[in-house]
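For reference, the structure discussed in these notes is given below.
Read-outs throughout are calculated quantities, based only on the coordinates presented, and are distinct from any laboratory measurement. Quick caveat, the model's predicted, so the values are computed rather than measured. Note that we place each Cβ from the backbone using ideal geometry, even for glycine, and neighbour counts take in every protein chain shown.
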Amino acid sequence: MDTIIGNDIDQAKQHLLNGEPVAIPTETVYGLAANAMNEKAVLKIFEVKNRPTFNPLIIHCSSWANAQLYVKNVPVKAIYLAEKFTPGPLTFLLDKQNNISDLVTAGSNKVAVRIPKHPLTLALLQSIDFPLAAPSANPFGYISPTTANHVLQHLAGKIPYILDGGPADVGLESTIIGFDAQNRVLLYRSGGISLEAIEKVLQEKVIIVKNQPIENPATPGQLTSHYAPLTPLYNGDVKELLKRWKDKRVASISFSTQFDEIPVGNQFILSPNRLLPEAAAKLFAVLRSIDQLEVDVILAEVFPAEGLGRAINDRLNRAGAKHQ
């Protein structure tokens, strides 16, 4: 199969109508999308990604009103947050309607739903009468793609079309929230909308949910080891970590710090001006770049535990989970 990169919404739509998965741009990362109402099409997502079927998918809708066709018992707080943050990088874990397959939700009675902000994908969603199930468009467990070429590197020959919408603006996956029986807001995954922003809107604290069991995660992006480069990654105090790896070829990831002990070409500073949105947008592309270098280990510093810094730390923790 030849894989074409282009910006033709009609061509992407035709493949989706034919039950084929295509890659789509969003403001967070590129997604591998298929008709969420077609189980055979959804199965192809799992096959292409080599993704375990116990890991649920997010469905993407054209609007919050459209999303109501697939969820029920929606809390008032969810409606309020949707008014503030959608379209955008916020995913809601809500009770599912019976029209959503258990394959999409990994058997759960809840479905993760969001409205992406990217204009090309919104136009695509508005042109079809079904939502799109869409995890990140990369092999399972590897670094999420933030450009069309990232997708092509790993999925060439496996999907027919990549809808090219340019580099992702946010560069990290969406924030995922849910609600408990007391209607408290639960944060399942840090992402493009910060914890502080949600709490400011609600005027209440959000409960942070720890990683879910590997056999049955409640939402996407909850596995302990995820978003991982091929090169072993360790995060913490880089100067301390260097003592352990002083005889190895090392690359570093930092917010703005330079390290005298590491070759300049192996240092990846995400934001010299210490802007967390800039750092977040660069993270996955930097991890991919380092994987092309001949280094033995990646050492990443801990980012400020505020705003998008929480999401950056979350991805680095998961990327290094196998080695910590």
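Helical content alone sets the calculated 222 nm signal of the chain at -8500 deg cm²/dmol, taking -39,500 (n - 2.57) per DSSP H segment of four or more residues and averaging over every residue.
Remark on region 1-124: ratio of C-alpha radius of gyration to 2.2 N^0.38 Å is 1.05. Shown in residue order for region 136-148 are the 3J(HN,Hα) couplings computed by the Karplus curve 6.51 cos²θ - 1.76 cosθ + 1.60 at θ = phi - 60°: 5, 8, 8, x, 4, x, 8, 5, 5, x, 10, 9, 5 Hz (x for Gly and Pro). In order along region 71-88, phi translates into HN-Hα couplings of 10, 8, 6, 6, x, 4, 4, 5, 4, 5, 5, 5, 5, 7, 10, 10, x, x Hz, rounded to whole numbers, per the Karplus curve 6.51 cos²θ - 1.76 cosθ + 1.60 with θ = phi - 60° and x for Gly and Pro.
Proximity of backbone amide H atoms, modeled 1.01 Å from N, is registered between N235 and A300 at under 5 Å, excluding neighbours fewer than 5 places apart on the same chain. Taking other C-beta atoms within 10 Å as the exposure proxy, D164, D10 rank D10, D164 from fewest upward. With K and R counted +1 and D and E -1, the other residues having a Cβ less than 12 Å from that of P21 yield a net charge of +3.
Specify the inter-centroid distance of region 13-41 and region 244-288, based on alpha-carbon positions, in whole Å. Cα centroid of region 13-41 versus Cα centroid of region 244-288: 34 Å apart.
Amide H contacts of S252: Q267, F268, L299, each under 5 Å away and 5 or more positions distant or on a separate chain (H built 1.01 Å from N in the peptide plane; Pro and chain starts excluded).
Residues in region 251-264 carry Karplus couplings, in order, of 10, 10, 10, 9, 5, 8, 7, 9, 10, 4, 7, 10, x, 4 Hz; the curve used is 6.51 cos²θ - 1.76 cosθ + 1.60 with θ = phi - 60°, and Gly or Pro positions show x.
Return the ratio Rg/(2.2 N^0.38 Å) for the chain, where Rg is computed over Cα atoms only.
Values: Rg = 19.2 Å, N = 324, 2.2 N^0.38 = 19.8 Å.
Rg over 2.2 N^0.38 Å, computed on Cα atoms: 0.97.
Amide H contacts under 5 Å for G31: I24, T26, A137, restricted to partners 5 or more places along the chain or on a different chain, H placed in the peptide plane at 1.01 Å from N. Count Lys and Arg as plus one, Asp and Glu as minus one, and take only other residues whose Cβ is under 11 Å from that of T91; the net charge is then +1. Positive-end ranking of C61, G236, G31 along the dipole of the chain, with charges on Cβ about the Cα centre, is headed by G236. A Förster radius of 41 Å combined with the Cβ-Cβ distance from D2 to R184 puts the calculated FRET efficiency at roughly 0.25.
Pairs spanning more than 30 Å between alpha-carbon atoms, out of K49/K239; K44/K200; K84/K110; K96/K117: K49/K239; K44/K200.
Work out the P(r) tail for region 279-324: percent of alpha carbon pairs separated by more than 15 Å, whole number. Mind dumping the intermediate values first?
Numbers: 475 of 1035 pairs.
More than 15 Å apart: 46 percent of the Cα pairs in region 279-324.
Extending 7 Å from the Cα toward the beta-carbon at both K200 and E306 defines two label points whose distance is 1.2 nm.
How big is the convex hull of the Cα atoms of region 233-319, per residue, in Å³?
Considering the Cα atoms of region 233-319, their hull volume per residue is 82 Å³.
If R₀ is 25 angstrom, what is the calculated FRET efficiency for the pair R274 and D237, using the beta carbon separation as r and rounding to 0.05?
On the way: r = 18 Å, r/R0 = 0.71.
After rounding, the FRET efficiency stands at 0.90.
The distance between label points at S289 and D95 comes to 4.8 nm (points 7 Å beyond Cα on the Cα→Cβ vector). Counting only Cβ charges, +1 for Lys and Arg and -1 for Asp and Glu, the dipole size of the chain around its Cα centre is about 560 debye. Counting only aspartates and glutamates at least 8 places from K13 when in the same chain, those with an alpha carbon closer than 19 Å to its own are D2, E39, D129, D164.
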